[in-house]
Each structure stands twice: as structure tokens, then as C-alpha cells.
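K.L.:
Okay, handing you the structure first.
The values are calculated or read from the model by the stated rules, or taken from the named source; none is laboratory data. Please read these numbers as outputs of a predicted model, since none were measured by experiment. Glycine also receives a Cβ, built like all others from the backbone with ideal geometry; neighbour counts cover every protein chain displayed. Calculation scope for accessible area: heavy atoms of the full protein, side chains included, ligands and nucleic acids excluded. Shrake-Rupley method; radii C 1.70, N 1.55, O 1.52, S 1.80 Å.
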Amino acid sequence: MTKRSLFLSCILATTSYYAFSQQPDAKTLQETAKTFTRQGDYANAIMVLTGAVQKDPQNIELQKDLAFNYYLEHEYAKGLNIARPLTDRADADVQCYQMTGMFLKAIDDSKECERMYKAGIKKFPRSGVLYNEYGEMLWARQDNSAAIRQWEKGIEVDPNYSSNYYNASRYYFYVTSDKVSSLLYGEIFLNLESYSKRTAEIKDLLLEAYIKFFTSTDGEKDQAPKSAFATAFLGEMNKLSSDIAQGVTTESLIVLRTRFIIGWFNTYPTNFPFRLFDYQRQLLKDGMFDAYNQWIFGAAENLSVFQTWSNTHSEEYNKFINFQKGRIFKLPEGQYYQSAK
């Protein structure tokens, strides 16, 4: 080789090495793809993530991101081809099963979807996410009794996952006469998920549930089968029916619910530990219970009246809102009192 040829070879090798060393690594590509995803540019996100997977083919997070962008791009077959094998991996997590379920529901393969959810729950028996989405699949095919069993189990084993409360509250309101469960699950949902698109829906449902609760001609019989907790709840509520004799309004509910909390802790101080009632008592002691009830029922009953109240009680209302936004409502395990359905 001549000196000139050797020199050119060295230049080319150095240039190639430099170019290769300047190529972004898989992590950098992943961050770039996330930017595209946030911008709604799923096609470019897919292109970048495809390159990232080629660099790091065993990286499960990259593959999950790629599959998710295929879902957002409505490329369900391609996304499923990536997501389904992930559930067979030793390092598969809940998200792998959740994503695979999304694809299977999108292509309406309910049989395979059910098999996959069962496998996921077997591996992750305390995943509220999987119980919820399995329940939603069963609900979509109108197997309502099977759906509520999944949502109830999700509430029992993962009490801080909000969607099971959302679905269970709606189930009891629309399908059954069990308004106790609808009331309690709905209010827990509002405290777990206070500012989402679903919040206003459940506020409307709660107001209507209280109306139905007190207008039922056979309230106690309608609640069967009852747990001891539900029986106690009904007993305390029935003592207070005179408080709403002139109608179920935000103001009458404030009176009723204030007296309920006082009566509950006088009668059952330690029988049924329940985070929701503890929280209500805390708000009552701190002078925020009226604002809390206005937040739940006011706009659902009459938006203009609620706006007037919040303006004339701005200090009281803002105190509650700031407190609510600054706290985390968390339910402990072991406070599940529902009877088998």
C-alpha cells in the first residue's frame, strides 16, 4: 500500500469512527421519540423507536413505547406483534399485559383477551389495573355480574386505584338497587381522582344516588345481600331521613351528612375503620365540611347557585380547595367490607 493510500485509509477510518461515535444511543432516541409522541407525531416516534430497538433489542421499555405508538397510530396488528411476546418474558410487568389487552380489545378478540387478563392476574394478583380492564372487557360484552366481581376484587386488593371505584359505582347505580355501594364508591373515587373528565359525571351520579336512596319505598330490602358495615350505614342513614323531608339538596345533604358522621363515630367508634369517614370527620373538625359538600354536590345541583355560594364564601372554599390539592387521599388495606356479589 502506498503512503497516499495508507493516508486515505486512515482518514476514512477516522471519519467512520467519528460518525459512528456521534450517532445517538438508544436512550437518546427514546427521549426524542417521547417528544414526537407528546406532539402527536406518532409516525416519527415509531421511526425513531424502531431504530432504538435495533440498537438495544432486549430493552423492554423501548418495545413498550414502540407498541404504544402503534396503538396511538391505530396500527393494531403491528403493535400487537410487538406487545404480545412481551407478556411471555420473565421481566414482563403489568403494563405489558395492559397494553396487550388494549390491542386485543381494539381488534375485538375477546376470547384471547380474557385468556391474557387471567394470565396477567395470575402473575400480578394485586394489580387493580388488570382487574379493572378485565372488568371493562366483560362489561363490554354485557357480562355484568362477572364484571363487578373483577372491579370488587380490584378494590379489595388495590384500594388506591381509582378506576375500579368509578366502574363499580356506576354499576351499582345503573344496574342494581344497591345505592349504598354506589354512594360510597362514588365518593371515594372523587377523592382519589378529584380533577379528571370523569369527576363531574360521578358528582352528578352521587346527587342522583342520594335522591334515589331516600325516595326508595323499600330501601333496606333493596340493599340485600348486606354486610354488617352496610347494615350499620343504613341504620344511621335511616335515623336521619327527616333531614331531607323537604328535598335532597346540597344544603340538606350537608345537614344530613354532618349528623351522620357524628352519629357514626358515637355508635361505631372502632367497629368499622373506614378512611372516607375519617376524612369527613377531619374536614368537619377543621371547618371545611360545608365547602367539601358544596364541591361535591353544589354544581351538580345548580351551577349558578354554586358559583354564587363559592363567591360569597371564597375564603372558606379556597381554604378547602388548597387543602385538597395539597393532600393525598390514601386508603389502607383491610377496610373492605363488601359482601360477595
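K.L.:
Can you tell me which of Asn69, Asn164, Asn59 moves the most in a GNM of the chain? Springs connect C-alpha atoms under 10 Å apart.
P.N.:
Asn59
K.L.:
Determine ³J(HN,Hα), in whole Hz, for all residues of the stretch 237-248 in sequence, where each value follows from phi through the Karplus function 6.51 cos²θ - 1.76 cosθ + 1.60 and θ = phi - 60°; x replaces Gly and Pro.
P.N.:
5, 5, 5, 10, 4, 5, 5, 10, 4, 9, x, 8
K.L.:
Still on this structure: To make sure I understand the rule: partners must be aspartates and glutamates, Cα under 14 Å from the Cα of Lys78, and not fewer than 8 residues away in the same chain. Which ones qualify?
P.N.:
Hits, sequence-local ones excluded: Asp65.
K.L.:
Now a separate question. Which value, in debye to the nearest 20, describes the size of the charge dipole of the chain about its Cα centre when Lys and Arg Cβ atoms bear +1, Asp and Glu Cβ atoms bear -1, and nothing else is charged? Show your work: numbers first, answer last.
P.N.:
On the way: 39 positive and 40 negative charges, 175 e Å.
Approximately 840 debye in magnitude.
K.L.:
Here is a further query. Per-residue HN-Hα couplings for the stretch 112-118, Karplus 6.51 cos²θ - 1.76 cosθ + 1.60 at θ = phi - 60°, whole Hz, x for Gly and Pro?
P.N.:
Taking θ as phi minus 60°, the curve returns 5, 5, 4, 4, 5, 5, 4 Hz for the stretch 112-118.
K.L.:
Working with all protein chains in place, sort Tyr268, Tyr134 by solvent-accessible area computed with a 1.4 Å probe, largest first. Numbers along the way, then the final one.
P.N.:
On the way: Tyr268 55, Tyr134 15 Å².
I get Tyr268, Tyr134, largest accessible area first.
K.L.:
Here is a further query. Specify whether the C-alpha gyration tensor of the stretch 112-240 places it in the rounded, prolate or oblate class, a ≥ b ≥ c being the square roots of the eigenvalues: rounded for a/c under 1.5, otherwise prolate if a/b is larger than b/c and oblate if not. Spell out each step's value before the answer.
P.N.:
Numbers: a/c = 2.00, a/b = 1.72, b/c = 1.17.
Here the stretch 112-240 falls in the prolate category.
K.L.:
Additional query: Rounded to the nearest 500, what is the chain's calculated 222 nm mean residue ellipticity when only DSSP H runs of at least 4 contribute -39500 (n - 2.57) each, over all residues?
P.N.:
Estimated from H runs of four or more residues: -22000 deg cm²/dmol.
K.L.:
Output the pairs from Lys153/Lys330; Lys179/Lys285; Lys34/Lys123 with a Cα-Cα distance over 21 Å in this structure; if there are none, say none. If you can, show how the numbers build up before the last one.
P.N.:
On the way: Lys153/Lys330 18 Å; Lys179/Lys285 27 Å; Lys34/Lys123 29 Å.
Cα-Cα > 21 Å for Lys179/Lys285; Lys34/Lys123; rest within.
K.L.:
Explain nothing, just compute: Karplus ³J(HN,Hα) = 6.51 cos²θ - 1.76 cosθ + 1.60, θ = phi - 60°, for every residue of the stretch 281-294 in order, whole Hz, x for Gly and Pro.
P.N.:
Karplus values, whole Hz, x for Gly and Pro: 5, 4, 4, 5, 5, 8, x, 10, 6, 4, 5, 4, 5, 4.
K.L.:
Which residue fluctuates the most in the chain, going by a Gaussian network model with Cα springs under 10 Å, if the choices are Gln294, Gln246, Gln324?
P.N.:
Gln246
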